[in-house]
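A quick write-up on the structure given underneath.
The values are calculated or read from the model by the stated rules, or taken from the named source; none is laboratory data. As the structure is a computational prediction, the values presented were derived from the model and not from experiment. All Cβ positions, glycine included, derive from the backbone under ideal geometry; neighbour counts span all protein chains shown. In case anyone asks, the SASA skips ligands and DNA or RNA and just uses the protein heavy atoms, side chains included. Shrake-Rupley method; radii C 1.70, N 1.55, O 1.52, S 1.80 Å.
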Amino acid sequence: MRPPLLSPYQSLMAATPVAHRAVRIDGRTTHYWVYGPEDATRTVLAVHGFRGDHHGLETIAAHLQGVRVVVPDLPGFGVSDPLPSSDIDSYVTWLTGFHAALGMDEQTVVLGHSFGSIVVAATVAAGLRTRLLVLVNPIAAPALQGPRAIATGAAIGYYKAGAVLPKPVGLALLRNPAIVRVMSITMLKSHDRDLRRWVHDQHDRYFSAFSDRTSVLEAFRTSVTHDVSEYADRIDVPVLMIAAEHDDITAVPEQQALAARLADAELVVVPGVGHLVHYETPGAAASAVLRRMDDSTGAGRDGGWRRPHQRRGRRGGGASDATAATDGAEPTRASRPDRRGERAS
């Protein structure tokens, strides 16, 4: 394969320390990468989306300057061993075990992008404690209902075919570069030529790094049969949702509906971008996370974190703006509607 294209965020990423490690969870190896200073006082555990690996979140990790960011390859993706079954309960058990194996506690911020948002939401709903849950491009509504149902059904057929055809043919179908490129073009909203070429190169390199056909089929079924709203009523920690104005997977009204159901949620809508916030506007996402981590409502006088009061029944009648800068670009404007809804009883 040709040499990788230089990232638009290369100067920042090159200045970010990174270490590759591995840990055994229930007899299976999970590979993970640690970005940032090892002695940082703040840690973020970040979980990537479907068919990706840790590379997808290293841009956000690099923008979280001064923070220790831990990004594992999901089981069955990248170089991590697959799970016996890639259902949501197995992912919850894995993430809970990974969190414990690395000695993390409730001070660790937990972040998930896309399919990763389902995994982290389900794990927090199952009892994992965190000072802040961050959902980037969260899957806020069921994929098998509404206008996405037909496309989702077609995608299920594609993954089923990839799993049942003779192995060489099935793998060729699942890893078909033309299909990967169509997916990349569909989700990418930026008109910057260099950025587009780099994002396509990232997808070409890492989107087909899965361990086997069964795992990817099961993981896809899990991704489309669950969504964050399923766990909303059991999430009682503060939540930062970073959504996108032109997300083709979950529209802004669905993100707003999810935010209204959560006990303590803030919704940031990044304009002019779609489902690839982690590639197109990682600075905006990281800025929102850093701001929320530094929020005076969550910081005690001694620098430690204290749980904010739950804010219920407050509906967003207006909006404020948050300014976030990306590496090598002018600051972008991220709309931050003040929507803190009442959790459904």
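The table for this structure:
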{"quantity": "Inter-probe distance in nm under a simple model that places probes 7 Å from Cα toward Cβ, at residue 21 and residue 221", "calculated": "3.5 nm"}
{"quantity": "Overall form of segment 84-208 per C-alpha gyration tensor (a/c, 1.5; a/b vs b/c)", "calculated": "prolate"}
{"quantity": "Accessible surface of segment 89-209 [probe 1.4 Å, protein heavy atoms]: carbon and sulfur percent", "calculated": "60 percent"}
{"quantity": "Per-residue SASA entry for residue 55, accessible area with 1.4 Å probe, Å² rounded to 10", "calculated": "40 Å²"}
{"quantity": "Förster radius 22 Å - calculated FRET efficiency between residue 39 and residue 129, Cβ distance, rounded to 0.05", "calculated": "0.40"}
{"quantity": "Accessible surface of segment 1-74 [probe 1.4 Å, protein heavy atoms]: carbon and sulfur percent", "calculated": "54 percent"}
{"quantity": "Distance (nanometres) between label positions extended 7 Å along Cα→Cβ at residue 65 and residue 176", "calculated": "4.5 nm"}
{"quantity": "Accessible area per residue in Å² at 1.4 Å probe, computed on segment 220-277", "calculated": "27 Å²"}
{"quantity": "Amide H contacts under 5 Å for residue 80, placed H, 5+ residues apart", "calculated": "31"}
{"quantity": "Rounded to whole Hz, the Karplus (6.51, -1.76, 1.60) HN-Hα couplings of segment 126-143, x for glycine and proline", "calculated": "7, x, 5, 8, 8, 5, 7, 9, 10, 10, 9, 6, x, 7, 8, 9, x, 7"}
{"quantity": "Whole-number accessible area per residue in Å² for segment 1-154, which is evaluated in the context of all protein chains at 1.4 Å", "calculated": "37 Å²"}
{"quantity": "Residue 100 versus residue 295: modelled label distance in nm, points set 7 Å from Cα along the beta carbon direction", "calculated": "3.0 nm"}
{"quantity": "Alpha carbon convex hull of segment 1-128, volume per residue in cubic angstrom", "calculated": "110 Å³"}
{"quantity": "Under Karplus coefficients 6.51, -1.76 and 1.60, residue-wise ³J(HN,Hα) of segment 44-54 in Hz, glycine/proline x", "calculated": "10, 9, 10, 10, 7, x, 5, 6, x, 8, 4"}
{"quantity": "Cα gyration tensor category, rounded, prolate or oblate, for segment 77-145 with a/c compared to 1.5", "calculated": "oblate"}
{"quantity": "Binned Cα-Cα distance frequencies in segment 194-280 - 5 Å width, integer %", "calculated": "3, 12, 17, 17, 19, 16, 12, 5, 0"}
